Structures are given as structure tokens and as C-alpha cells.
Amino acid sequence: MSTVFYEHNNNLIVKINCDIDHHTVEDIRMKVEREFSRTAAKNIIFDFAGVEFMDSSGIGMILGRYRAAEQRGGKVFAINIIPSLNKIFEMSGLKKVIGCFDSVEDVVNG
């Protein structure tokens, strides 16, 4: 399991390279919280290019990070969502809460 972080234009980019389920979500959540707290970033951008599966625990993790970003006056975005994840985002209503884009550049210019 690998999660890579970097900052770009006041955004914390979280590149996840594993499935997000009840086995992995706690580790991902703790890493994201730690990185977000040590940066001045307002927004969190989750890059799902390396994610093939996500269950409801992943949805909860994203919503929790939404609340954390909101406290800083920021937002949460998702990029590189494959079609099977897109269905989960739509059915759960997550797409109504967070912005979904194709790339970091689309978020920044969006």
C-alpha cells in the first residue's frame, strides 16, 4: 500500500495507490490527517489513478477530510476517477459534495 503526498498551489495532493476498503482506510486516513495538519494547504485533492475499488469506509474517510478542509476554508476534490469508482461516487451522493475533475490542473484552473 502506498500513499504519496505533495503540495501544489495551496492544495495537498493525495495520490492513493491501493484499494480503499475497511482493511486500508484507517492507515490512509491517519496519513492524510498527519500531512494535512503539517501543511498550510486549504484544499485536499485525492488522486484515484491507482485505485480500482473503494467501499463505504472510503466514502466516510473522504467525507471526514471534507470536514477538515472546510474548517480551513477549503474544499475536497477528486481526480482520475475510473468508471467503476464513478458509479460509487454517483450512487453515494459524493459527487454532490466534492468536486470531481480529470486532473490537478483542471482543479486549479477550474
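The values are calculated or read from the model by the stated rules, or taken from the named source; none is laboratory data. What you see is a predicted model; the values in this text were computed from it and never measured. Methodologically, a virtual Cβ is constructed for each residue, glycine included, from the backbone with ideal geometry; neighbour enumeration extends over all protein chains shown.
Can residue 2 be described as touching a residue at least 24 places away in the same chain (Cβ under 8 Å), surrounded by fewer than 14 Cβ atoms within 10 Å (Cβ to Cβ) and not charged (D, E, K, R)? Here the answer is yes, as residue 2 does meet what is asked.
Within region 80-110, if we keep just the residues that are closer than 21 Å to residue 40 by Cβ and touching a helix residue (DSSP H, G or I) at 6+ places or on another chain (Cβ under 9 Å), the residue that is surrounded by the fewest Cβ atoms within 10 Å (Cβ to Cβ) turns out to be 99. If only residues of region 21-76 that are under 18 Å from residue 89 (Cβ atoms) and of a type in the set (Gly, Ala, Ser) are counted, the one that is surrounded by the most Cβ atoms within 10 Å (Cβ to Cβ) is 58. Taken as a whole, the structure leaves residue 98 outside the set of residues that are under 10 Å from the mean Cα position of the chain (by Cα) and either under 17 Å from residue 3 (Cα atoms) or at pLDDT below 95 (or both).
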